[in-house]
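Reading through the structure tokens given below for one structure.
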Amino acid sequence: MNCIFAHPYFKFIFTNMKYCLLFLSILWFSLGMTAQSITGTVSDSLSHQVIQGVTVYLPQLKLASTTDIKGKYEITSIPKGTYEVEVRILGYATISKLITVKGDLSLNFTMVVSPSSASEVVITALGNITNTQRSPVPVTLVPHEAMLQQSSTNVIDAIAGQPGLNEITEGPGISKPEINGMGYLRVLTLFDGERQEDFQWGDEHGILIDPNAVYDAEIIRGPASLQYGANAMAGVISFKSEPFAESGTVQGSVLTEYQTNNGMVGNSADISGNNKGFVWDLRASNEDAHCYWDPKDGYVWGTAYTQSNVRALIGMNKKWGYSRLSVSILHREIEVPDGNRDSTTGQFAFDIPQNGQMLPNSNNFMSYYPNIAGYQVLDHDEVWWQNSINAGKGKIGADIGYTQSHRQEIDTGTVAEYNITAHDIPYSFKYQVAGDSSGLKFTAGINGMYEFGDNAPEPPAPYIRYSEIPNYTDLDIGGYAILQKDYKNLTLSGGLRYDMRDVTGQSMYLANYATPEQQMVPAGTPGAYQQYAGFSNTYNGLSASIGASYQLLGDNYVKINLSKSYRAPSIQELNSNALNAGANAYIIGYTNLKAEQGYEADVAYGNNGRDISFEVDGFYNYINNFIFSDRTDAVIQEFPVFQYKANNAINAGITAYFNIHPVITKWIEIDNGFTYIYSFMPGQTDSTQYVPLTPAPRLVTKVKFKIKDGHASILKGTYFEFGLDKYWAQNDVYTALYTELPSQAYILYNAGIGTNFVNKKNGRVVCSLYINVTNLANIAYVDHLSHSQYFLAYNAIPATVTRQSEGIYNMGRNLGFKLLFPIGGHKTSNIEKEVGDY
């Protein structure tokens with residue numbers, strides 16, 4: 001651990017950080033400082049009737065209140081400052097407004113009827129808080145209702161149908177996001193503002209976030225999020241947990257889920273409370289699944305998984321600001337399919353006999369214990385301390401965390417042959433100021449992380465350790481400033497960011513290489529094999545963004561944004577030299593890689609009308625030194641060899657949505673989302689001109705029928721929905737050496753139903769039921785971004801896949817059931833104050 005603090009950059013940060021943490025500790029115990037409150041009434045703009053069940057929400061503080069039967073709400077324990085307030089309920093247009101809280105405040109809101117509730121929803125991931133209509137870049141919001149009303153196999157799968165977003169998969173439990181056709185380390189994933197650092201460069205495991213802990217999500221498409229730095233080159237996915245309970249209440253929920261295809265059983269329980277600004281939350285979740293089934297392969301060997309997560313939070317909101325401490329412990333065991341088959345029958349086969357058995361039987365396929373096939377054990381532990389302190393007219397944010405990601409790959413038995421731990425210390429310091437009357441918002445700060453990774457010692461014979469990357473250290477530090485000005489119809493936004501990365505890989509020498517007697521030895525040892533040469537690279541680069549949005553007549557608006565992005569290479573891209581069993585490839589890095597530099601233009605036109613809403617976004621991105629993994633004609637250990645290289649690339653496309661939600665016929669809603677990406681590398685040959693893993697064009701359509709609530713019915717909010725996902729063929733592929741295969745067109749049909757069971761005496765929800773079916777027609781298909789389509793071996797010897805039908809197909813029909821039981825949260829309102837109109 002001494003090596004951590006030896007780095008001069010980190011020593012400077014740590015030395016000054018301790019004074020800030022001491023100051024924050026003193027503030028934590030300043031319990032006597034009472035915060036402010038907001039009270040008011042929400043009513044219909046036409047009938048002037050009060051509206052029950054409206055959520056009044058302060059996103060920056062995660063504080064919310066729901067109006068009672070008299071339409072009244074109360075949010076207490078609010079620190080002094082300027083905040084965006086959001087007022088929302090299904091059936092009405094969402095209200096978003098900037099307010100300044102100096103003392104107790106009284107605000108009334110009047111809402112306009114609109115089946116579309118997402119017209120001006122607040123977003124927080126751009127640095128300066130704003131809303132979707134004024135954001136200069138395309139932003140997609142996935143509300144809580146959308147997360148609940150579907151069946152998915154992981155947290156990325158739950159949002160992957162949104163325009164501009166795709167997922168790279170390796171079975172149902174493994175998904176990585178792509179935004180506008182770019183993925184891996186170009187997409188930054190956040191949970192409650194914390195950077196998700198868990199080996200994003202790997203193909204063979206997904207984002208380690210418990211999907212049950214996610215309440216909603218924001219997706220920023222494009223490199224405009226200067227707040228988060230270089231790894232946001234393609235965009236940001238910001239997952240958020242549930243808002244805190246109302247003051248004076250304890251609330252919770254119990255969710256249970258079952259999916260028929262892979263037998264996935266999921267359970268999650270949450271309990272939280274809020275007592276005069278002291279907030280707390282505790283969640284525990286578990287998911288288990290056996291192998292999935294498809295019409296072509298039957299049950300697919302090596303696709304079972306299990307995952308458990310415990311997450312806790314404590315915090316307080318006081319007059320001076322807030323402080324929150326979060327802890328998460330996640331454990332995942334997941335099989336990784338390799339496509340090994342019996343050469344005679346074509347059935348899936350074990351790599352080596354299991355108790356004299358060569359082919360998996362029904363008990364193996366239906367087992368919930370993923371420890372027979374090759375599998376991974378992934379542990380992801382996090383601690384995150386977030387603070388906001390009032391400073392004059394602004395706020396000082398001071399956050400620090402620690403993440404430990406432990407990854408083991410096990411071929412047979414229980415001994416890991418690949419065993420590495422990555423430690424991350426992310427930090428962030430920023431100053432924010434906003435004026436509700438001036439419309440001016442300013443944010444400046446410094447953030448980054450320190451990361452170091454260590455390979456475990458050699459396992460006992462006969463196991464042989466392999467190390468995909470060397471032991472390494474990585475220091476990222478960046479400074480930024482973002483300015484936004486809101487006029488009546490015009491919003492201007494711009495900013496600059498400068499990043500530095502210092503990445504060092506240690507040398508590694510092995511005696512008795514690739515034998516059970518293999519061991520690490522010092523440099524100069526006679527006969528030793530040098531797996532890694534030591535190196536130290538420093539990168540620095542500038543990011544910038546300038547944009548505008550303008551609100552036109554008739555609910556129309558336009559947006560334009562110009563941005564310059566930067567990304568330094570990762571440790572795997574620089575210095576890999578080992579078999580990646582999960583990817584079925586031998587990966588080699590290149591230490592002389594330069595940083596990527598992107599230049600992007602985004603233009604959008606949209607309309608947020610009462611009956612229809614649409615937006616069309618076009619983007620063009622030119623990238624210098626675009627880094628990708630290129631297949632060579634070499635073979636090592638019977639696996640194909642891929643080496644990282646760089647070319648200039650052009651990434652362009654169109655994303656759009658068109659939603660119909662007529663006010664007169666509230667019982668129907670039609671939503672459509674379209675994605676088309678075209679990426680190529682100029683000056684290359686016919687077989688190497690296209691950027692690998694560019695998604696196929698896609699249209700997602702959903703029709704929802706809403707049943708009118710009966711006055712005496714125990715069913716409320718009942719709906720039926722039908723949809724289709726149309727994927728066109730993708731023929732613009734990197735065909736050299738069968739690196740990538742063309743994909744065929746297909747259509748997936750989906751359906752769903754949901755309702756709430758209520759107590760007729762008090763109108764409270766007792767239970768919510770959601771039933772969904774995906775791939776209703778049970779077609780055999782292969783998604784273009786599925787790595788499993790390339791997995792084929794006979795007698796454990798990998799074979800080159802030359803046609804899409806030779807590999808593994810995607811999941812067949814899947815019927816999912818969810819039951820959600822809310823607990824507590826009820827508080828009798830005692831708000832009797834006279835309030836002024838807002």
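The values are calculated or read from the model by the stated rules, or taken from the named source; none is laboratory data. All values reported here derive from a predicted model rather than from experimental measurement. A quick note on method: Cβ atoms are made from the backbone with ideal geometry, for glycine too, and the neighbour counts reach across all protein chains shown. Side chains included, ligands, DNA and RNA excluded: accessible areas come from the protein's heavy atoms. Shrake-Rupley method; radii C 1.70, N 1.55, O 1.52, S 1.80 Å.
Taking into account only those residues within segment 272-305 that are surrounded by 21 or more Cβ atoms within 10 Å (Cβ to Cβ) and hydroxyl-bearing (Ser, Thr, Tyr), which is nearest to residue 380 (Cα to Cα)? The qualifying residue nearest to residue 380 (Cα to Cα) is 305.
Residues considered: 309, 274, 267, 231. Of these, the only one that is of a type outside the set (Gly, Ala, Ser) and touching a Phe, Trp or Tyr at 6+ places or on another chain (Cβ under 7 Å) is 274. The residues of segment 317-331 that are open to solvent by less than 10 Å² (accessible area, probe 1.4 Å) and either in contact with a helix residue (DSSP H, G or I) (Cβ under 7 Å, 6 or more places away or on another chain) or within 30 Å of residue 297 (Cβ to Cβ) (or both), listed by number, are 323, 330. The residue that is most open to solvent (accessible area, probe 1.4 Å), counting only those in segment 497-548 that are over 30 Å from residue 461 (Cβ atoms) and small (Gly, Ala, Ser), is 536.
How many residues are within 30 Å of residue 552 (Cβ to Cβ) and assigned to a strand (DSSP E or B) if we restrict to segment 454-490?
Step one: list which residues in segment 454-490 are within 30 Å of residue 552 (Cβ to Cβ), which gives 481-490.
Restricting the remaining residues to those that are assigned to a strand (DSSP E or B) gives 481-486, 490.
The number of residues fulfilling the criteria is 7.
Annotation: of all residues in segment 244-271 being in contact (Cβ under 8 Å) with a residue 40 or more places away in the chain and small (Gly, Ala, Ser), the one that is most open to solvent (accessible area, probe 1.4 Å) is 248. Just one of the listed residues (709, 725) is in contact with a Leu (Cβ under 6 Å, 6 or more places away or on another chain), among the acidic types (Asp, Glu) and either open to solvent by 50 Å² or more (accessible area, probe 1.4 Å) or part of a strand (DSSP E or B) (or both), namely 725. Taken over segment 787-813, residues that are in contact (Cβ under 8 Å) with a residue 40 or more places away in the chain and either at positive phi or assigned to a loop (DSSP other than H, G, I, E, B) (or both) amount to 15. Name every residue in segment 728-765 that is in contact (Cβ under 8 Å) with a residue 60 or more places away in the chain, open to solvent by 70 Å² or more (accessible area, probe 1.4 Å) and under 21 Å from residue 810 (Cα atoms), in order of residue number. 738, 744, listed by residue number. Of the residues contained in segment 462-471, one or more are found to be at pLDDT 95 or above and open to solvent by 10 Å² or more (accessible area, probe 1.4 Å).
So if I check each of 573, 638, 596, 600, which one is of a type in the set (Asp, Glu), surrounded by fewer than 22 Cβ atoms within 10 Å (Cβ to Cβ) and touching a residue at least 60 places away in the same chain (Cβ under 8 Å)?
On the way: 573 fails: surrounded by fewer than 22 Cβ atoms within 10 Å (Cβ to Cβ); 596 fails: surrounded by fewer than 22 Cβ atoms within 10 Å (Cβ to Cβ); 600 fails: surrounded by fewer than 22 Cβ atoms within 10 Å (Cβ to Cβ).
The unique qualifying residue is 638.
Criterion first (of a type in the set (A, V, I, L, M, F, W, C), in a strand (DSSP E or B) and open to solvent by less than 10 Å² (accessible area, probe 1.4 Å)) does residue 334 satisfy it? Against the criterion (of a type in the set (A, V, I, L, M, F, W, C), in a strand (DSSP E or B) and open to solvent by less than 10 Å² (accessible area, probe 1.4 Å)), residue 334 qualifies. Of the residues that make up segment 212-235, is at least one in a loop (DSSP other than H, G, I, E, B), of a type in the set (Val, Ile, Thr) and within 29 Å of residue 497 (Cβ to Cβ)? Yes, the conditions are met somewhere in segment 212-235. Just one of the listed residues (555, 611) is open to solvent by 10 Å² or more (accessible area, probe 1.4 Å) and in contact with a His (Cβ under 9 Å, 6 or more places away or on another chain), and it is 611.
Each row is one residue, and each column tells you yes or no for (1) within 18 Å of residue 582 (Cα to Cα); (2) in contact with a His (Cβ under 9 Å, 6 or more places away or on another chain); (3) of a type in the set (Val, Ile, Thr).
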| site | (1), (2), (3) |
| --- | --- |
| 293 | no, no, no |
| 306 | yes, yes, yes |
| 312 | no, no, no |
| 342 | no, no, no |
| 350 | yes, no, no |
| 362 | no, no, no |
| 379 | yes, yes, no |
| 388 | no, no, no |
| 392 | no, no, no |
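Residues that are closer than 29 Å to residue 390 by Cα and surrounded by fewer than 20 Cβ atoms within 10 Å (Cβ to Cβ) do occur in segment 73-82. For segment 409-427, the condition holds for no residue, the condition being that it is closer than 30 Å to residue 492 by Cβ, within 26 Å of the chain's Cα centre (by Cα) and open to solvent by 30 Å² or more (accessible area, probe 1.4 Å). Residue 716 meets all of the listed conditions (1) open to solvent by 50 Å² or more (accessible area, probe 1.4 Å); (2) in a loop (DSSP other than H, G, I, E, B); (3) modelled with pLDDT under 95 but one, namely (2). Summed over segment 358-396, the residues that are open to solvent by 50 Å² or more (accessible area, probe 1.4 Å), part of a strand (DSSP E or B) and closer than 29 Å to residue 807 by Cβ give a count of 0. Among the conditions (1) in contact with a strand residue (DSSP E or B) (Cβ under 7 Å, 6 or more places away or on another chain); (2) part of a strand (DSSP E or B); (3) farther than 23 Å from residue 679 by Cα; (4) not basic (Lys, Arg), residue 633 misses just one, which is (1). Could we say that residue 685 is open to solvent by 50 Å² or more (accessible area, probe 1.4 Å) and farther than 28 Å from residue 776 by Cα here? Against the criterion (open to solvent by 50 Å² or more (accessible area, probe 1.4 Å) and farther than 28 Å from residue 776 by Cα), residue 685 qualifies. Would segment 337-348 turn up any residue that is open to solvent by 20 Å² or more (accessible area, probe 1.4 Å) and within 31 Å of the chain's Cα centre (by Cα)? Yes, the conditions are met somewhere in segment 337-348.
When the criteria are applied in full, residue 709 meets the requirement of being acidic (Asp, Glu) and either in contact with a helix residue (DSSP H, G or I) (Cβ under 9 Å, 6 or more places away or on another chain) or more than 26 Å from residue 695 (Cα to Cα) (or both). Looking at segment 84-185, the strands (runs of 3 or more DSSP E) lying wholly inside it that each contain 1 or more residues that are surrounded by fewer than 24 Cβ atoms within 10 Å (Cβ to Cβ) and touching a Ser or Thr at 6+ places or on another chain (Cβ under 9 Å) sit at 95-101, 109-111, 139-142, 165-169.
Number of residues in segment 252-302 that are over 20 Å from residue 325 (Cα atoms) and either at pLDDT below 95 or not in a strand (DSSP E or B) (or both) equals 14. Across segment 666-692, the number of residues qualifying as of a type in the set (A, V, I, L, M, F, W, C), modelled with pLDDT of 95 or more and in a loop (DSSP other than H, G, I, E, B) comes to 2. Only one of the numbered conditions (1) under 26 Å from residue 676 (Cβ atoms); (2) of a type outside the set (A, V, I, L, M, F, W, C); (3) at pLDDT below 95 is violated by residue 762, and that is (1). In segment 398-407 there is at least one residue matching the filter, namely being in contact with a Gly (Cβ under 8 Å, 6 or more places away or on another chain) and surrounded by fewer than 21 Cβ atoms within 10 Å (Cβ to Cβ).
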